[in-house]
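Some notes on the structure that comes next.
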Amino acid sequence: MSQIDSLLHEDRHFAPAASFRAQAVGTAELYERAAADREGFWAEQARELVHWHRPFTQVLDWTNPPFAEWFADGELNVAYNCLDRHVEAGNGARVALYWEGEPGDSRQVTYAELTDEVKRLANVLGDLGIGRGDRVAIYLPMIPEAVAAMLAVARVGAIHSVVFGGFSADSLRARIDDAGAKLVITADGGWRKGKVSPLKPAVDQALADRGSGAQETVEHVLVVKRGDNPVDWAEGRDIWWHEAVPAASADHEAQPFPAENPLFILYTSGTTGKPKGILHTSGGYLTQATFTNKVVHDIHPETDVYWCTADIGWITGHSYVTYGPLSNGASQVLYEGTPESPEPGRWWALVEKYKVSVLYTAPTAIRSFMKQGRQIPQQYDLSSIRVLGSVGEPINPEAWIWYREIIGADEAPIVDTWWQTETGAIMISALPGVTETKPGSAQVPIPGVSIDVVDESGAHVGNGNGGLLVITEPWPSMLRGIWGDPERFVETYWEKFADQGYYFAGDGARLDEDGDIWLLGRVDDVMNVSGHRLSTAEIESALVANEAVAEAAVVGASDETTGQAVVAFVIIKENYLKQHSPDGLAGTLRGWVGEQIGPIARPRDVYIVGELPKTRSGKIMRRLLRDVAEGREVGDTTTLADTAVMSVISAQVR
Ligand code: 6R9
């Protein structure tokens, strides 16, 4: 019962080109070194990639599991690692951020300039009484100030809690309350989809709620002027960034803090349950974020232009916009807006303009580009691209192939990276110069990480079988807890396999005949049809493999005969609809899934819809679709990117 049946068959594979292999940062030797001495390997990475004000002598302390300490007697300053050390090494003139605003304005910020800005801001924070251990909420659009704010908070040893710019006043207040933030850094507004979307009013509202913790703990609000929209002003509480920061001194010496000093709290937007404040600390986190960015994305800081499209409100924006690439001294693109604004090819125009060489994005974005058709990216020169990354959901083999062919000129290696807010950094991924890649598989743990797929009893399932994904050994960037709730931390992640001491990730996975890992989706979403446990990922991939389908989500809905039945929601490609009528398509797709994977997986219903409910990081919220499929009232939609989507879908299904 515990195993997940695997049905999809996919056997294409792509070896790295010899020319790529020859220049790759990540080599096969890393696996050997890590296998011989895992802790020694991480100690080496930490010494090589991170500057320590005081070198550590201890590596891992696992005497009180699941509470780990890494490099505990070492001291560092995370911001110094991301800024000053590059300037001191003579690279101050290198561009850190190629920033592009949605309306077309742009700014280039060098490492020297960013260091200067962060030093001034650190002085402002000091004047506002922010120091070691204080919490600062950051509620900003994707502008250089967002990166500077995170780094300045880190520089003074305080803890940031970045909240997605799209979240409501309620969500913001709940997060400020939970963390007891003293300061909020925000903007008047930011550009999204062709207009200014205001931010400060949500902060004002969150702080106005009487009796809330937010009203009591927050002393100041620091406001960046970006949208030029009118804002209310609380005298004595509110401060303009453009008045305070330039006026502050640019002299600020980074103080060392212990490796286990908390760096940030990030609330998981979570597809289920109350948000959890995931806590990360400094030395181990920075080591693994820096290492993985370097070897998985194959970063050559002198020559690459890297672009991770994630918002800083998502863990991907923390580890692969702010900390990893800046610690590596890379040059990167930062884009404020949405992919389709002001024109559908905006992303590709940016790739062409900045000659982006490494692109890291999510399957949801790739599938939305597939929906529009290849004619859009094909209008741009994408020849600078040499590495492509994917994160956030399983990438369907068809989307993987499209990504490689259309964006990567049939040449760029794809790294499909599995990890979580909780893991802090990439855990499973190909190394682009080493691994022969397979479309749809995240493949192998990175060097120094130990992963297994097990059954309910914790026993290894063996190649060719599906089960539960676990992490069997502590890793440097692991979460150190849930803010204010150590019991929930133990219960959520460590109780299920307490005997073995495994971390349970909540994902289903399968090992193929070579032992490569295929992610199957959240275990909570697994369907049970006539006693067969079916994963969402495989049926969705089969649907996306049909020429008509751009995107698909499947859920299990209760069914009198089979226990649960597969119900599919699909979005049809625009080009397909131009040439075909959608009549009869639902029936065709039911048959198609039956042929591709077998009659057991054939959906009972296929609904053609215009959109799917997604979180702000692009994950499909299947729980809401299950409500629709079972004819219930739709549950909590506050973490959706677009809360109107569910009423549209409900209407389309009726
Ligand atoms: C980085 C991030 C974590 C959950 C994770 C899994 C899904 C992420 C994936 C993937 C398949 C991948 N996930 N990457 N599933 N293949 N390459 O997304 O963090 O927002 O915390 O989500 O996302 O289900 O458990 P987070």
Starting from residues that are in contact (Cβ under 8 Å) with a residue 24 or more places away in the chain and more than 20 Å from Gly591 (Cα to Cα), keep the ones in the stretch 534-565 and report whichever is surrounded by the fewest Cβ atoms within 10 Å (Cβ to Cβ). Ser558
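Could you please find all residues in the stretch 386-428 being acidic (Asp, Glu) and in contact with a Ser or Thr (Cβ under 6 Å, 6 or more places away or on another chain)?
Matches in the stretch 386-428: Asp416 only.
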I need every pair where a residue in the stretch 319-337 that is farther than 14 Å from Arg107 by Cβ has its Cβ under 6 Å from the Cβ of a residue that is of a type in the set (Lys, Arg) and part of a helix (DSSP H, G or I), sequence separation at least 6 or different chains. Asn328/Lys294
Out of contact with any Gly (no Cβ under 7 Å at 6 or more places or on another chain) and within 20 Å of Met478 (Cα to Cα) - does that describe any residue in the stretch 300-313? yes
Looking only at the stretch 310-364, and only at residues there that are among the polar types (S, T, N, Q), within 16 Å of the ligand (Cβ to nearest atom) and surrounded by 24 or more Cβ atoms within 10 Å (Cβ to Cβ), the one that is farthest from Ser390 (Cα to Cα): Thr322
Checked the stretch 439-460 for anything more than 13 Å from the ligand (Cβ to nearest atom), part of a loop (DSSP other than H, G, I, E, B) and surrounded by fewer than 23 Cβ atoms within 10 Å (Cβ to Cβ); matches are Ser450, Asp455, Glu456, Ser457, Gly458, Ala459
So, first residue of a type in the set (S, T, N, Q) in the stretch 113-137, second residue in a strand (DSSP E or B) and at pLDDT 95 or above, Cβ within less than 9 Å, six or more apart or across chains; the pairs are Thr115/Ala96
Within the stretch 489-517, the residues that are hydrophobic (A, V, I, L, M, F, W, C), under 25 Å from Ala68 (Cβ atoms) and part of a strand (DSSP E or B) are Phe504, Ala505, Ala509, Ile517
Among what's in the stretch 461-511 and is of a type in the set (Phe, Trp, Tyr) and away from the ligand (no atom under 14 Å from the Cβ), pick the residue that is surrounded by the most Cβ atoms within 10 Å (Cβ to Cβ). Trp475
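For the stretch 190-202, indicate whether the set of residues that are in a strand (DSSP E or B), more than 22 Å from the chain's Cα centre (by Cα) and either touching a residue at least 60 places away in the same chain (Cβ under 8 Å) or buried (at least 22 other Cβ atoms within 10 Å of the Cβ) (or both) is non-empty.
Among the residues of the stretch 190-202, not one is in a strand (DSSP E or B), more than 22 Å from the chain's Cα centre (by Cα) and either touching a residue at least 60 places away in the same chain (Cβ under 8 Å) or buried (at least 22 other Cβ atoms within 10 Å of the Cβ) (or both), which makes the answer no.
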Residue check: is Tyr306 in a strand (DSSP E or B), touching a His at 6+ places or on another chain (Cβ under 9 Å) and under 26 Å from Ala641 (Cβ atoms)? yes
Out of the residues in the stretch 582-620 that are assigned to a helix (DSSP H, G or I) and aliphatic (A, V, I, L, M), which is modelled with the lowest pLDDT? Ile597
Run down Glu393, Glu398, Glu405 and say which single residue is within 11 Å of the ligand (Cβ to nearest atom) and over 16 Å from Asp298 (Cα atoms). Glu393
Right, Leu97: of a type in the set (A, V, I, L, M, F, W, C), more than 25 Å from the chain's Cα centre (by Cα), modelled with pLDDT of 95 or more and at negative phi or not? no
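Give Asp516, Asp507, Asp499 a once-over and let me know the one that is touching a Lys or Arg at 6+ places or on another chain (Cβ under 7 Å), charged (D, E, K, R), in contact (Cβ under 8 Å) with a residue 12 or more places away in the chain and within 17 Å of Gly458 (Cβ to Cβ).
Unique residue meeting the criteria: Asp507.
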Sole miss for Val415 among (1) more than 15 Å from the ligand (Cβ to nearest atom); (2) in contact (Cβ under 8 Å) with a residue 40 or more places away in the chain is condition (1)
Only one of Glu551, Glu538 is touching a helix residue (DSSP H, G or I) at 6+ places or on another chain (Cβ under 8 Å), in a helix (DSSP H, G or I) and within 16 Å of the ligand (Cβ to nearest atom). Can you tell me which? Glu538
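The values are calculated or read from the model by the stated rules, or taken from the named source; none is laboratory data. Keep in mind that what you see is a predicted model, and the values were worked out from it rather than measured. Note: ideal-geometry Cβ built from the backbone for every residue, glycine included; neighbour counts use all protein chains shown.
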